[in-house]
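Visitor: Structure incoming, see below.
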Amino acid sequence: MRPSILYSLALGLANLDAAVAMSGPSSVESVAKLATSSFTLPEATSATFASTTAEAVTTDDKVTKTTTVAESVPTIEATITEIVTSQPSAEATTETTASSGAVSASSGSAIATTSATPSSTILPMFRLIAQGGPAANQPLLADREGYAILLFTAGQGDFTDAYFSVDPVTHYLLLDNEQPICGYFGDASDSGFANLVRCSDGPTMEEEKITCEAPTGTYIQCSVAALDCTTQCIRTGDTWSTTYTGEWADNRYDAGLGPASVDGVPQTPFLIEFEP
């Protein structure tokens, strides 16, 4: 029963195509035809299909045919558009066919996926000033081409004022509004905290990106996932969010994030000073 219904539908569509072809390549006015056919499958299938075909012949011998097929359960909707271009000829006709289709289906459920990508918005820039400790009142500096570590005092290397921002999407602490800042745990077993460094270009086991709250208060509030790099670097499950300054070399001081207390190392708040 079903094959005969489909065969009848195919014959009807074929007759419609033939009727359009009879209009000839020399037609000077637009011709539009609309054919609608529907059929119902046996009760065992419990589904109804409807087909609508629309064709238009324009003065430049282009035929546009649109066929829409809809099925009641589940909801499936398909649209196929064909453009047929005919070249007028006394003996033969050459046809070029281009088709595009779009199918949408609804199953009663939806899956949503999200991902965070850094914002492209120009963000307010600020400096970080040590409040107390051995580097009191000194701004944090960066060597953008050489040393990765951030220091409060200049010296060897090309260290200049570091300007930071906090990405509103990822919450990463950024240098110059583009390069993420990481906590480096390679020396944490000795210093007791993770040094603030420019993140490496490639992946490294000794670094974790630092995230911060929006700089709306007096002091920066940042945190980093703690690593234990005694043998190989693994996450401990802790989060370090206390800021420190330590002696990196003679009269040169670094910045770090560590646990709530580190023996022999004073906590040092980092003051936010916005760029004028």
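Visitor: Please work out which one of (1) touching a residue at least 40 places away in the same chain (Cβ under 8 Å); (2) part of a strand (DSSP E or B) is the condition residue 153 fails and give its number.
Guide: Status for residue 153: all satisfied but (2).
Visitor: Whether any residue in the stretch 136-145 is part of a strand (DSSP E or B) and in contact (Cβ under 8 Å) with a residue 40 or more places away in the chain is what I want to check.
Guide: Yes, the conditions are met somewhere in the stretch 136-145.
Visitor: Which fully enclosed strands (runs of 3 or more DSSP E) of the stretch 162-276 have 2 or more residues being at pLDDT 95 or above and either surrounded by fewer than 21 Cβ atoms within 10 Å (Cβ to Cβ) or of a type in the set (A, V, I, L, M) (or both)?
Guide: Numbers: elements: 164-166, 173-175, 179-184, 194-198, 207-209, 222-228, 234-240, 242-249, 252-258, 270-274.
Answer list for the stretch 162-276: 173-175, 179-184, 194-198, 222-228, 234-240, 252-258, 270-274.
Visitor: What are the pairs, 6+ residues apart or on separate chains, where a residue within the stretch 182-201 that is in contact (Cβ under 8 Å) with a residue 12 or more places away in the chain has its Cβ under 7 Å from a residue that is among the aromatic types (Phe, Trp, Tyr) and not in a strand (DSSP E or B)?
Guide: Every condition considered, the pairs that remain are 194/185.
The values are calculated or read from the model by the stated rules, or taken from the named source; none is laboratory data. It should be emphasised that the depicted structure is a prediction, and the values quoted were computed from it without experimental measurement. FYI the Cβ positions are ideal-geometry reconstructions off the backbone, even for glycines, and counts take in every protein chain you see.
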